[in-house]
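Trainee: Here's a structure for you.
The values are calculated or read from the model by the stated rules, or taken from the named source; none is laboratory data. Treat the numbers as computed from the prediction; the structure is a model and nothing was measured. With ideal geometry, Cβ positions are generated from the backbone for all residues, glycine too; neighbour counts draw on all protein chains shown. Only protein heavy atoms, including side chains, enter the accessible area calculation; ligands, DNA and RNA are left aside. Shrake-Rupley method; radii C 1.70, N 1.55, O 1.52, S 1.80 Å.
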Amino acid sequence: MRNPFVLSGYVSAEYFCDRETETKELTRKLLNSNNVALISPRRVGKTGLIEHCLHQKELEENFYTIYLDIYATSNLQEFVFKLGKEIFESLKPRGKQFIEKFFALISSLRPAFKLDELTGAPIFDVGIGEISKPEFTLEEIFKYLQNADKKCIVAIDEFQQIVNYPEKNIEAVLRTHVQRSTNSVFIFAGSRRQIMQNIFFSSSQPFYQSVSLVSMSAIDIQEYAKFVKRHFENAGKQISEELIALIYNLFEGHTWYLQVIFNELFSLLDKGEDCKFPMVEFVVRNKIFSFEPMFQNTLQLISLWQRELLYAIAKEGKAAGITSRKFIKKHGLKSPSSVQSAANQLLGKEIITSENGIYQVYDRFFGLWLSEVYGTGFKLKIR
């Protein structure tokens, strides 16, 4: 039996927990040709929801679906490369005829159309540097989408990354193409709430009022507890609701962290065994400290002032009023201006996050490790 707590990619609805309301809402909007902005913190299941929706029968049968994550892109050239490659990969199962049509319409990528010498299968053989006129290639790609024989759904994950591109007016360029795309519907997903809201809901921005909004929060504890117990019991293993709640509360329902811990617990338990608290404590601490070299390296790359503020936030867990005299005195910090400067730099590096004036360490494993090594430590308690 495969481990039901999947850590990457989408397998099937069997291994996807709940999100029924969000799935219905997102599917309905796409069927009605509404472009959507999907906003949620990272690691609460945004990507899983997108892929789950794209596998809904009514979408699979009536649309071509393309998903791309642009988090690692740094300019329009890389964006265009990623988009072209993902469309190519989605066409491969449909045969050579579809791929030939793709390259026929996108003349600037035609040299990339080659066949594998061993298998004869089409391959996308283009270097990013070969995309010399990305705006022209982007226009060709949108022309291809417009001429596809079925409507297309294009899901762009971590869309807020485009604000960091060096090219001018990139939002306006993309907005123009999207606006003219009557044969495609778009999902713009992002994890930086403030940036995403500025892109789509600021009257000065090109994408203003061009989408329907779908938000995600932490997964419901009762639904996730049912999911965990069902998969444990199907494998002849046991885990109590109290232990599930302990893990859920420690990570505030952020799906990826939950999946990591339950994946490990599931693999350690033999059939007929009952999960106990010492095993949970062992798995949580072992997993957190497995990342210690990476966490230590992160600390070495930031300034002393940034480290001091990071320690203070980790000790608090959730820190408010970080520039107040009380907070600065409590944690031995220097001044409101130095704290604000350090906070801005940590936010820019995505080491901390801020929501409604509350600051947290972005990576929950990192936050718990900091608390254990530089603070008073964290305690696992059954409530």
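Trainee: Run the dipole for the stretch 293-383 about the Cα centre, Lys and Arg Cβ at +1, Asp and Glu Cβ at -1, nothing else charged, and hand back the magnitude in debye, nearest 20.
Mentor: Details: 13 positive and 6 negative charges, 91 e Å.
Here the size comes out at about 440 debye.
Trainee: Here's something else I'd like to know. In degrees from 0 to 90, rounded to the nearest 10, what is the angle of the helix 96-105 Cα long axis to the longest principal axis of the chain?
Mentor: For 96-105 against the chain, the angle is about 80 degrees.
Trainee: Still on this structure, I have one more. Using heavy-atom solvent-accessible surface (probe 1.4 Å) with all chains present, what is the largest-first order of Glu25, Glu355? Mind dumping the intermediate values first?
Mentor: On the way: Glu25 55, Glu355 85 Å².
From most exposed to least exposed: Glu355, Glu25.
Trainee: Compute the long axis of helix 364-374 from its Cα atoms, compare it with the longest principal axis of the Cα atoms of the chain, and write down the angle in degrees, 0 to 90, nearest 10.
Mentor: 30 degrees
Trainee: Give the accessible area for Tyr359 in Å² (nearest 10); use a 1.4 Å probe, count only protein heavy atoms, and leave out ligands, DNA and RNA.
Mentor: Probe radius 1.4 Å; accessible area of Tyr359 about 30 Å².
Trainee: Given the Cα-Cα distance of Glu223 and Glu273 and 0.36 nm per residue of separation, how much length would full extension add, in nm? Mind showing how you got there, number by number?
Mentor: On the way: separation 50, 0.36 × 50 = 18.00 nm, distance 2.31 nm.
Full extension from Glu223 to Glu273 adds 15.7 nm.
Trainee: Here's a follow-up. Taking the full set of protein chains and a 1.4 angstrom probe, give the accessible area of Ile156 in square angstrom, rounded to the nearest 10.
Mentor: Ignoring ligands and nucleic acids, Ile156 comes out at about 10 Å².
Trainee: Just one of (1) -0.42, -0.78, -1.21; (2) -0.40, -0.79, -1.34; (3) -0.51, -0.94, -1.28 is log10 I(q)/I(0) by the Debye sum over Cα atoms at q = 0.08, 0.11, 0.14 Å⁻¹ calculated from these coordinates, so which is it?
Mentor: Among (1) -0.42, -0.78, -1.21; (2) -0.40, -0.79, -1.34; (3) -0.51, -0.94, -1.28, the one calculated here is (3).
Trainee: How high is the relative contact order of the chain, given as a whole-number percent (alpha carbon pairs under 8 Å, six or more residues apart)?
Mentor: Working: 521 pairs, mean separation 68.5, N = 383.
Here the relative contact order equals 18 percent.
Trainee: Using only protein heavy atoms and a 1.4 Å probe, report how much of Cys275 is accessible, in Å² to the nearest 10.
Mentor: Here the accessible area works out near 10 Å².
Trainee: OK, next. With labels modelled as points extended 7 Å from the Cα through the Cβ direction, what inter-label distance (nm, one decimal) is found for Gln146 paired with Lys92?
Mentor: My value for the distance between the label points is 2.9 nm.
Trainee: Leaving out ligands, DNA and RNA, and with a 1.4 Å probe, what % of the accessible surface on the stretch 36-108 is carbon or sulfur?
Mentor: Values: 1350 of 2960 Å².
Taking all protein chains in place, the stretch 36-108 shows 46 percent carbon and sulfur surface.
Trainee: Next up: Determine the per residue accessible area of the stretch 139-276 with all protein chains present and a 1.4 angstrom probe, expressed in square angstrom.
Mentor: Spelled out: the 1.4 Å probe surface of the stretch 139-276, per residue, equals 43 Å².
Trainee: Any idea how far apart Lys334 and Arg285 come out in nm if each label point goes 7 Å out from Cα toward Cβ?
Mentor: Inter-label distance under the simple model: 3.6 nm.
Trainee: Excluding residues on the same chain fewer than 8 positions from Lys57, give the lysines whose Cα lies under 27 Å from its Cα.
Mentor: Once the sequence-local lysines are set aside, what remains near Lys57 is Lys24, Lys29, Lys46, Lys82, Lys85, Lys92, Lys96, Lys101, Lys143, Lys150, Lys151, Lys226.
Trainee: Can you give the FRET efficiency to the nearest 0.05 for Phe136 and Asn356, using r as the Cβ-Cβ distance and R₀ = 51 Å?
Mentor: On the way: r = 43 Å, r/R0 = 0.84.
The calculated FRET efficiency here is 0.75.
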